[in-house]
Every structure is written in structure tokens, then in C-alpha cells.
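The values are calculated or read from the model by the stated rules, or taken from the named source; none is laboratory data. Given the structure is predicted, the values throughout are model-derived calculations rather than measurements. A quick note on method: Cβ atoms are made from the backbone with ideal geometry, for glycine too, and the neighbour counts reach across all protein chains shown. Just so you know, the surface numbers come from the protein's heavy atoms only, side chains and all, with ligands and any DNA or RNA stripped out. Shrake-Rupley method; radii C 1.70, N 1.55, O 1.52, S 1.80 Å.
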Amino acid sequence: MKVREALTEGTNILAAKEIENPALDSQIILGYVLKKDRLYLLTHDDIMLSSEQSDAFNKLLKLRCRHIPIAYIIGEKEFYGIKLHVKPGVLIPRPETEFAVEETLNAILDIKKPKVADICCGSGAISVAIAANNQNVRIYASDISDISCEITRINVNSYNLQDRIFVFKGDLLEPFKENNIRDFDVIVSNPPYIPKSELANLPPDVKNEPESALNGGLDGLMFYRKIAFEAPRFLKPQGKIIFEIGWNQAEAVRKILLANGFTAISVVKDYAGFDRVISGSLNY
């Protein structure tokens, strides 16, 4: 079978299972198998696949037909211009989360040696992206998940950032309390924020991601309340908190921040025009 035939067959198989971008996914999977980029496939579409390559391609297509996310299949995801290792059990980084990175980088731009906490670090996407773009920052990342801590450490080591990113396993800010780590300039977090009642309605692909990284409690606001309540004890005076939020949560999270001593609340919209990041400064 030639490359063009494999791509056509892969597209048809995925389309029959109502996969959202069947042609693109077919190209990504075959490119992964052949260790070539998509442009190479399209310009060398008469190359013959070996039987081993065809078997590997078909095996991965079957995974995609079960709505296993592409990032899990190929083991990586691009985020803020860097490639991150991911695997099942860790939340896949989204483009929308880049806005939280951007807000944090702006917040620490004029600080000589900024100190940042990344709560619910997941794959380490936020931490690695920030450290890769600010050579002076020290980041303390935490997550309650063993897999998340493992993958974060892999990504930290991949970019040789282990001297500036420190990973702690534990619940929210608890590891920092235990280790007496305080005086952060910024606390940034992309916590679970989907209301429990909405989990059943998520797209099939998302249902293959860890529920613990998605479930924000009854109203989706549980982790915002917990982090905002604890954060003042760990921030420097006038320190900043930065949250990724759901598209309809800005007003509710604004009230949570105000109730916990944060002012100068601002909201940033994402690429689609939805509220996506909220920030506030400690008012003392």
C-alpha cells in the first residue's frame, strides 16, 4: 500500500466512526508511524509502506476509532511553541491555557527573580512554557496525581529546567505549607472546573482524559474557592493570582477573588472570544 492509499483508507475509517478531523488525524498517525512530517507525506505519497508500517498504522487507527485522543496516541502535544510529553492519565494541554502562560509572563516581566507557584500542574505545560520564556523565574509546581508529577518531571528534564522548576506531589498548596515555601509573586492555576453534572455530556475524546483533572465539583467552582482562600498566606504583598476559567465562570470567580482579598480583577478572552483567564492582585 502506498502512502496516498493509506491516507485515504485511514481517512475513510476514521470518518465512518465520526472522528472530527479524519484526514488530519490520518496524516498525523501515519506521520508518527513513518517518523515523517505531514508535508513529507503529501509530497512523497507514492512511497510504499512495509507490512510492519501498515500494521502499526492500522493498530493506531483502531485506537483513534475508540476516541483515544491523538496526543495520547503519538505521546506528545505542542503548547506555546514547545513539545510536551503526554500519556493517558494526564490532562492534554489546550491552546486556551496559553493565555494563562501569557498573563503570568506579563506579570513577572519586571521582577528580577520571580517566584511562581503552578497549582494543578498536570503535564507541566504552564510551568515549562513560563520557564522556557523567562530565564530568571523559579517555579514550584504541584499536583495530587502521581502520573501528572511523573509527566511534569519528564517535561522539565526534557528542557533542562530542573534547576528552576521544582515538582511536588500533593493537594493544591498543601506541599508548600509542609515545606514552608511561601512569598510567591504569582500563583497560577488551571484547576478542574467542569461542573460534575456536565461530565456526562463531554465529547468522547475528552471522556478519555482523567476525570480528576476535569471535575470541578457540583458547580465547577470548588477548586477556585479552595485556592483563593489559601493563596493570600502564600503570596507576597500585592502578589497576583491567575486562573484559567470556564467560558461562563468569570463573574462567579470574580466574586470569589474579591471575597478573599483580591482586587484589580481583570478577565482575558480566548481565541474564540470567550472569557478564559481571570487575575487579581492581593490587596495588602
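Some values worked out for this structure:
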| item | result |
| --- | --- |
| Within a Gaussian network of the chain (alpha carbon springs, distance under 10 Å), most fluctuating of Y32, Y40, Y72 | Y40 |
| Calculated FRET efficiency for the pair L42/K112, C-beta based, R₀ 41 Å, to 0.05 | 0.30 |
| R0 of 22 Å, Cβ-Cβ distance R225-R182: FRET efficiency to nearest 0.05 | 0.60 |
| Fluctuation leader among D45, D171, D143 - the chain, Gaussian network, Cα springs under 10 angstrom | D45 |
| HN-Hα J in Hz across the range 265-280 - Karplus 6.51, -1.76, 1.60, θ = phi - 60°, x for Gly and Pro | 6, 9, 10, 10, 8, 8, 4, 8, x, 8, 4, 9, 9, 10, 9, x |
| Counting DSSP beta bridges with both ends in the range 69-219, the antiparallel % (nearest 5) | 20 percent |
| Inter-label distance for A264 and C65, nm, one decimal - labels placed 7 Å from Cα along Cα-to-Cβ | 5.6 nm |
| Surface share of carbon and sulfur [accessible, 1.4 angstrom probe, percent] for the range 86-174 | 49 percent |
| Label-point separation in nm, F274 to A200, each point 7 Å along Cα→Cβ | 2.1 nm |
| Inter-probe distance in nm under a simple model that places probes 7 Å from Cα toward Cβ, at R138 and A252 | 3.7 nm |
| Range of Cα positions in the range 127-175 per principal axis (Å), largest first | 28, 19, 15 |
| Entries of K177/K255; K2/K62; K169/K255; K17/K59 with Cα pairs more than 22 Å apart | K177/K255; K169/K255 |
| For Y159, residues with placed amide H under 5 Å, excluding near neighbours | none |
| Under 5 Å, built H, 5+ apart or other chain: amide partners of F168 | A141, S142, D143 |
| N21-K83 FRET efficiency (beta carbon distance; Förster radius 22 Å; 0.05 resolution) | 0.65 |
| Max mean-square fluctuation residue, GNM over the chain, Cα-Cα springs under 10 Å, options V128, V116, V267 | V267 |
| Correct option for log10 I(q)/I(0) by the Debye sum over Cα atoms at q = 0.09, 0.13 Å⁻¹ [calculated from the coordinates] among [x] -0.51, -0.99; [y] -0.47, -0.88; [z] -0.57, -0.96 | [y] |
